[in-house]
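Report on the structure given below.
The values are calculated or read from the model by the stated rules, or taken from the named source; none is laboratory data. This structure is a prediction, so every number in the text was calculated from the model and none was measured. Neighbour counts are summed over all protein chains in view; Cβ atoms, including those assigned to glycine, are modelled from backbone coordinates with ideal geometry.
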Amino acid sequence: MSKIALTPNASGTGTLTIAAPNTSTDRTLTLPDSTGTIDTLGRAGNVLQVVAMTTTTQTSTTSISTYSNTAMTANITPSSSSNKILIFYSAPIRKNSGNAATGAQLRIARDSSTYFGQQRYVGWNNNSSMYGQETASLYYLDSPSTTSQVNYTIQIASSVDGQNVNVGHDNSEQSLVLMEIAA
């Protein structure tokens, strides 16, 4: 039979109390069979929650000045106002026929009022009657400073006014991942 030993720290002056929860159910806490320190979720850098989504919904735009919301929108509720939200987005983007220099501009909107992570993807060929395509990705470490629900939406605009660009064309999959990171 294994034994349990509690070893006090010789230089410590505090009292360590192990308290049982208020329960009527027997519980077993199994410790790992290794040496080391038991980690706590609140340690800085730990991932506390993950929200992930995918879609094949296409969003197109021809505007350079007005960003359009894509179908990629997700909510997360931070457990502490000091925690960060790490955002990852990946999608196929496409320029339709038109100006060869046309590209897509992507950004992340937080609660439809804060914008960041803007990227510009320029046209991929020199033939104005051909399509161009590549995979776009955005990532950003946000500090929303709240414990209320936060909404993140990916937005798209064209780099040349009147020229068509889109994400998620031909049922191609887009991915959005939100991760709460302990501060």
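Tabulated results
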read-out	value
Per-region count, the range 46-85, residues of a type in the set (Gly, Ala, Ser) and under 17 Å from the mean Cα position of the chain (by Cα)	7
Cβ-Cβ under 8 Å pairs, at least 6 apart or on other chains, the range 152-180 side closer than 30 Å to SER79 by Cα, far side at pLDDT below 85 and part of a loop (DSSP other than H, G, I, E, B)	GLN174/GLY168
Selection count, the range 42-74, where residues are surrounded by fewer than 12 Cβ atoms within 10 Å (Cβ to Cβ) and farther than 23 Å from ALA157 by Cβ	6
Qualifying positions in the range 5-41 - touching a residue at least 60 places away in the same chain (Cβ under 8 Å) and of a type in the set (D, E, K, R)	none
Strands (runs of 3 or more DSSP E) within the range 144-183 that include 2 or more residues within 23 Å of GLY103 (Cβ to Cβ) and among the hydroxyl-bearing types (Ser, Thr, Tyr)	150-158
In the range 171-183, the residues that are touching a Ser or Thr at 6+ places or on another chain (Cβ under 8 Å) and either within 30 Å of ARG43 (Cβ to Cβ) or crowded, with 21+ Cβ neighbours inside 10 Å (or both)	GLN174, SER175, LEU176, GLU180, ALA182, ALA183
Elements of type strands (runs of 3 or more DSSP E) in the range 5-117, at least 3 residues being farther than 16 Å from ALA136 by Cα	47-55, 68-76, 84-95
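For (1) basic (Lys, Arg); (2) crowded, with 18+ Cβ neighbours inside 10 Å; (3) modelled with pLDDT under 90, each residue gets a yes or a no:
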{"site": "SER113", "(1), (2), (3)": "no, no, yes"}
{"site": "GLY123", "(1), (2), (3)": "no, yes, yes"}
{"site": "SER143", "(1), (2), (3)": "no, no, no"}
{"site": "THR146", "(1), (2), (3)": "no, no, no"}
{"site": "VAL150", "(1), (2), (3)": "no, yes, no"}
{"site": "VAL160", "(1), (2), (3)": "no, yes, yes"}
{"site": "HIS169", "(1), (2), (3)": "no, yes, yes"}
